[in-house]
1. Scan region 484-498 and tell me whether some residue there is under 30 Å from residue 249 (Cβ atoms) and more than 30 Å from the chain's Cα centre (by Cα).
2. Among the residues of region 529-538, are any in contact with a His (Cβ under 8 Å, 6 or more places away or on another chain), outside any helix (DSSP H, G or I) and not aromatic (Phe, Trp, Tyr)?
3. Considering (1) modelled with pLDDT of 95 or more; (2) surrounded by 18 or more Cβ atoms within 10 Å (Cβ to Cβ); (3) closer than 28 Å to residue 57 by Cα, say which one residue 289 fails and leave the rest.
4. Starting from residues that are touching a residue at least 40 places away in the same chain (Cβ under 8 Å) and touching a helix residue (DSSP H, G or I) at 6+ places or on another chain (Cβ under 8 Å), keep the ones in region 163-186 and report whichever is surrounded by the fewest Cβ atoms within 10 Å (Cβ to Cβ).
5. Looking at 466, 489, can you tell me which residue is hydrophobic (A, V, I, L, M, F, W, C) and either modelled with pLDDT under 95 or assigned to a strand (DSSP E or B) (or both)?
6. Taking residue 366 and the conditions (1) modelled with pLDDT of 95 or more; (2) of a type in the set (D, E, K, R); (3) in contact with a Phe, Trp or Tyr (Cβ under 7 Å, 6 or more places away or on another chain), which numbered condition does it fall short on, given that it satisfies the others?
7. Here are the criteria: (1) farther than 19 Å from residue 391 by Cβ; (2) crowded, with 19+ Cβ neighbours inside 10 Å; (3) in contact with a helix residue (DSSP H, G or I) (Cβ under 6 Å, 6 or more places away or on another chain). Tell me which single one residue 463 does not satisfy.
8. Going by what's in this entry, would residue 304 be described as of a type outside the set (Ser, Thr, Tyr), touching a residue at least 60 places away in the same chain (Cβ under 8 Å) and out of contact with any Pro (no Cβ under 8 Å at 6 or more places or on another chain)?
Amino acid sequence: MVIDAAREVTGWAGLVAKVLLHSGTAATMRPAGAVVGAKLLAQGRAGMSTIFRVRAANEPHETAFVFEGRRSTFGEVDRRIDRLASGLRRRGIGRKSAVALVLHNRPEFFEIEAAMSRLGGAAVSVSWRSTVHELTYLLQHSGARAVFFEHDLADTVAEAARACPELRADNLFAVGGNARPHATYDSLLARWPDRVDDGDDSAVVIYTSGTTGRPKGAVRRFGTGQVLGFMAFLERVSLRRGDVHLCVCPLYHSTGLGFASMSLMMGGSVVIERDFNPERFLATVARERVTTTALVPTMLHRLVALDDDTLAKANTASLRVMLCGGAQLPATAAARALDRFGPVLYNFYGATETGLVTTATPEDLRALPGTIGRALHGVSIRLLDGEGRAVGVGEVGELYARNRMLVAGYHNDDGATNDSMREGYFSVGDLATVDADGRYMIVGRRRDMVISGGTNVYPAEVEAVLDAHPEVSQAAVIGVPDAEWGERLRGFVVLRGGLPDDARACAVELRAWCRDRLSGPKVPREWVFVEGLPANPTGKILKRELAAWDGEVVRV
């Protein structure tokens, strides 16, 4: 299809104007902030650095972050970013250099991202949970010239760094405390610098979850396309000036960093928690009068699983938007959240590689529980079968997306980039259906699909049936080799009451539950009852660990 360029520009201009007016951002923009913002956007600058430049010019005394009882203003943060960029430049780190962040959630995460943007370099987000082996690979693969690490991770970082000859020992910086003999983060801020202009090669490298193998580094560069992608999302989900966003998702993942950044861009402030605890989450919402937040499904599940008395006492009246994504949202968890918190839940679909693709409103989730919603403005989606042919309504196909937020590719991995692309569309391997109203539903992942007796079985469909059982807290389904059927299904189940006294009787009951709702090949014949399922920090179940299960299996 040929796109009329003039009509596209007009459409985007109208959308941006609508969002800025509705959010209150346009009405409160002062001349100083408008001039800085217009200049940077005209130069194609739209990264973390730009947010703080504009906000510091527009409202230097407004709160940017709240962290562990300490509040910092936009003016303070912007000056710290310049000082950090100057300190790094004095150490030879600049354009096209990469630094790694091995940090818990904290304001310094944003400062480092913005400082590298001003230098024209790349900030590489790494899980603080990484082992020495994992961290060594990530540092070598990314070519990191410096590492900012949580001070209590010094031993892990130092051991990994020794295997990276190009990484100087004096470029390891402890954050949040001392870790002698390493330098501290604050030592880079010692001198007052000149203003540092934004670089022209800035990027963020976010390593994907790696649920099936070694993680790949998705390279995201920032320009007007990134801003327009945010605006398409904000047309559907209202973030406003003056919002207080609670950040509990890990900042080294796109969900945590992306929505916190979006809130800052639209005139909000961010309350940062180091990690997620459901009771503390509720207390923070009440104390800080939080208006928006983002969770992964595992967090939402833990939240709605709190006892009724705790939830009834919680003051969440200020909460207007609760975003959920990063993994599949069970329909039962969505329904409980809507019942307990009201029409505030929005489910979104996207990936580190694609940015935001679809959004489901509370109304969508009531109409089709578990849906990822409809495509955002400017997003084109194709559902393709194994031969690359488009599938029809209700049929399963691999989801390919194209929009203005696609990453530049995978760092040092052209093969993986090419394998994921088809005619300008990107896929991360998710399988989906679409209904007649344009609402998409994820049914599984390409690599998770099970073929039993010649029938394609999508584990997500079976998991949704199990999740609906009143005694089931969480479930995962995998395929295991079978001499007769090729593969058979094995269900891993977490019960609300803990491990069962009679595992076989429980398996018989669950099998009967499934047989009433699913055709024969989709019904698990093997059952494993566990206290919890292995998952990465974004809530994705690590099925490779389930495949290695060597404990008790109940066959019925």
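1. yes
2. Pass one, region 529-538, residues in contact with a His (Cβ under 8 Å, 6 or more places away or on another chain): 537-538.
Of the ones still in play, those that are also outside any helix (DSSP H, G or I) are 537-538.
Remaining after also requiring not aromatic (Phe, Trp, Tyr): 537-538.
Yes: one or more hits.
3. Evaluating residue 289 over (1) modelled with pLDDT of 95 or more; (2) surrounded by 18 or more Cβ atoms within 10 Å (Cβ to Cβ); (3) closer than 28 Å to residue 57 by Cα leaves (2) as the failure.
4. Ranking the candidates gives 176 first.
5. Numbers: 466 fails: either modelled with pLDDT under 95 or assigned to a strand (DSSP E or B) (or both).
It is 489.
6. Just one mismatch for residue 366, condition (3).
7. (3)
8. On the way: of a type outside the set (Ser, Thr, Tyr): yes; touching a residue at least 60 places away in the same chain (Cβ under 8 Å): no; out of contact with any Pro (no Cβ under 8 Å at 6 or more places or on another chain): yes.
So residue 304 fails the test.
The values are calculated or read from the model by the stated rules, or taken from the named source; none is laboratory data. All figures in this text were calculated on a predicted structure; none of them were measured in a lab. Heads up, the Cβs are rebuilt from the backbone with ideal geometry, glycines too, and the neighbour counts pull from every protein chain shown.
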